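Heads up, the thing below is written out as structure tokens.
Any read-out appearing in this document is the output of simple, stated calculations on the displayed coordinates, not a laboratory observation. Predicted, not measured: the structure shown is a model, and the values here were computed from it. Using ideal geometry, Cβ is built from the backbone for each residue, glycine included, and neighbour counts are taken over all protein chains shown.
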Amino acid sequence: MNSSIKFIILSAILFFSQDLISQSDIKIETSKSYELSNIILALTEYGQTDKWDVQKVSPYYDEVLKYFESTKNHPLLDSVNYSRSKWKEFLGFRTDMYAFSFNRDGKLHRDYAFNSFGPIEVDKNINLINDFIEKSNYLEFYENHIDFYNKIISNYKEYYFLNKTKSFLDKIAEKPKTKSNKKYIITISPLVGGQNCHRDTDSLTTVDFPNISKDLILGNVDNNLNARIVENHSIFTEMNHGYINPISDKYKKLISQKFNLEKWDKGSGYQDINSFNEYMTWAVYDLFIKENFPKVADSISLQWQYQNASRGFIGQNLFAKKVSELYFKNKNKKLDDIYEPLLKWCKSIENKITQPVLLNVDEKRFVKTDLSKVELDFSEEMDTNAPFTFQIVEFNNGNQTGKENFIEVKNGNWSNNGKKLTLKLDTTFKEFVLIFNWWGNSKPLLSKNGVFLKPESYILLKE
């Protein structure tokens, strides 16, 4: 999809900030050095133009831009102006800054060896960073916002259901064995938009670096329960790795034998056991919301399954369904007990895990079409019996108007052995896009084998 019609997209500390608040055995904090890295990235050209990696919630974001206006041409901002393709450098700069602190002279220095993704972006730019700190008077900005940071921290635990999350994980999996002085920390910034990560910063400290919601940033902590449940994934799926990964390590050989990466993973970037762990982490998230928020669980799970299938985990819906079946069938057992039957099932259906796609679709221009006979061709046989929904979004001269509808098809007009679908559209829109299997669609379009049509599949039409 070209840029003009892109409509949606949708993972031992020696210094602690004075803003750290201890909540049971979970510590939630902001950090002077970590916030510095996020502010620097937010000021780059990439940070200001990309829609996702930097969260731009006013008034805080606007205050950042205004305060650091005088340093907008600082050479550091060119040096760390990354891109989506350089995500390791971007995320490495952001996350590795956690291992740095400020000395008495207000200079940044490394406290301990920690490298999250390979590139050593902070170290190689340290002189420019310290020059930026001095010329921008960063420390004054941070001190002036301590009350704001502390308010977010104080609301975080309740907003993200941390008690429920940890109690659930402790119940279904063995609590990870740690040293008595092991620390678990959630470090946050109002500027983190995406690319959450979970890291052991050293042998005594595990840190999660999640994004946080707009409502939490603005202090609207009682708003929209559904949104809070959806947002819970940002910490749940990171914390969950601390439980899932040790179990998977015990079954590493079996996973390599039964979980065929070439079948289950289409370009996620996760390798070997890490791909399986990502599948498992999200399946356990589904268990959590089914058990704690059953009225909305199916809808929320479906939306994240769309998202994960778009990331390359093409069988996430089937995998999650099987995990749920095994878990609720043996609810008195630990998660550890379902690995063997789950992996046996993974091997048995691997040849059915193929992702259907739309064929013969022009993704760059709106095609004039007879709306009484819109024909869609698919790469493989689809489930012709299941109802599905799609979204219709109006455009005008290539620009979205804001008008949209969701349409359910209960009995599709299928032909060519389930590989062709003919739709009759009744709409006042003259120029529009049909979007399948994406956020808001309540029923997925599936292959005969139950695999999602490639999420965010779309077709551009005009009358």
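What the table shows:
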| read-out | value |
| --- | --- |
| Simple label model, 7 Å out from Cα along Cβ direction - GLU363 to LYS124, nm | 3.2 nm |
| Other-chain or far-sequence residues with amide H under 5 Å of LEU446's (modelled H) | ASP383, LEU453 |
| Cα→Cβ-extended label distance, 7 Å offset, between ASP272 and VAL374, nm | 4.6 nm |
| ASN399/LYS88 FRET efficiency (R0 41 Å; Cβ-Cβ; nearest 0.05) | 0.75 |
| Mean Cα-pair separation over length for the range 153-287, i.e. relative contact order, pairs under 8 Å, 6 or more apart, % | 22 percent |
| Stokes-Einstein D (µm²/s) once Rh is taken as the Kirkwood radius of the range 358-462 over alpha-carbon pairs, at 25 °C in 0.890 mPa s | 176 µm²/s |
| Euclidean distance between Cα centres, the range 297-359 to the range 104-147, Å | 42 Å |
| Relative counts (whole %) of C-alpha pair distances in the range 208-304, using bins that are 5 Å wide | 2, 12, 19, 19, 19, 14, 8, 4, 2, 0 |
| DSSP-assigned coil residues among trypsin sites (Lys or Arg not before Pro) in the range 408-460, each with at most 11 further Cβ atoms within 10 Å | LYS410, LYS424 |
| Alpha carbon Rg of the range 240-352, scaled by the compact-globule rule 2.2 N^0.38 Å | 0.99 |
| Sequence-distant residues sharing a close amide H with VAL54 (under 5 Å, placed H) | GLY193 |
| Rounded if a/c under 1.5, otherwise prolate or oblate - the range 103-186, Cα gyration tensor axes | oblate |
| Reciprocal of mean inverse Cα separation for the chain (Kirkwood radius, Å) | 24.1 Å |
| Computed FRET value (nearest 0.05) for ASP202 with SER348, which takes r as the C-beta separation and R₀ as 60 Å | 0.90 |
| Computed magnitude of the charge dipole of the chain (debye, nearest 20; Cβ of K, R +1, Cβ of D, E -1) | 1440 debye |
| The range 49-98: proportion of alpha-carbon pairs further apart than 16 angstrom, % | 54 percent |
| Over 18 Å [Cα-Cα, the range 42-139], rounded percent | 50 percent |
| Listed residues PHE141, VAL80, VAL361: farthest to the positive end of the dipole of the chain (Cβ charges) | VAL361 |
| Neighbour-count order for ILE129, ILE26, ILE186, fewest beta carbons within 10 angstrom listed first | ILE26, ILE186, ILE129 |
| Rounded to whole Hz, the Karplus (6.51, -1.76, 1.60) HN-Hα couplings of the range 75-92, x for glycine and proline | x, 4, 5, 6, 5, 10, 7, 7, 8, 4, 5, 9, 5, 5, 5, 4, 6, x |
| Order of TRP438, TRP52, TRP87 under a 10 Å beta carbon neighbour criterion, fewest first | TRP52, TRP87, TRP438 |
| Calculated FRET efficiency for the pair GLU262/GLU325, C-beta based, R₀ 41 Å, to 0.05 | 0.95 |
| Stretchable slack from GLU174 to GLN303, in nm (0.36 nm times residue separation minus alpha-carbon distance) | 43.6 nm |
| Restraint check, LYS166/LYS266; LYS88/LYS331; LYS373/LYS410; LYS32/LYS72; LYS56/LYS290, Cα-Cα greater than 28 Å | LYS166/LYS266; LYS88/LYS331; LYS56/LYS290 |
| Set LYS252/LYS344; LYS295/LYS347; LYS51/LYS124; LYS368/LYS443 screened for pairs whose C-alpha atoms are more than 21 Å apart | LYS295/LYS347; LYS51/LYS124; LYS368/LYS443 |
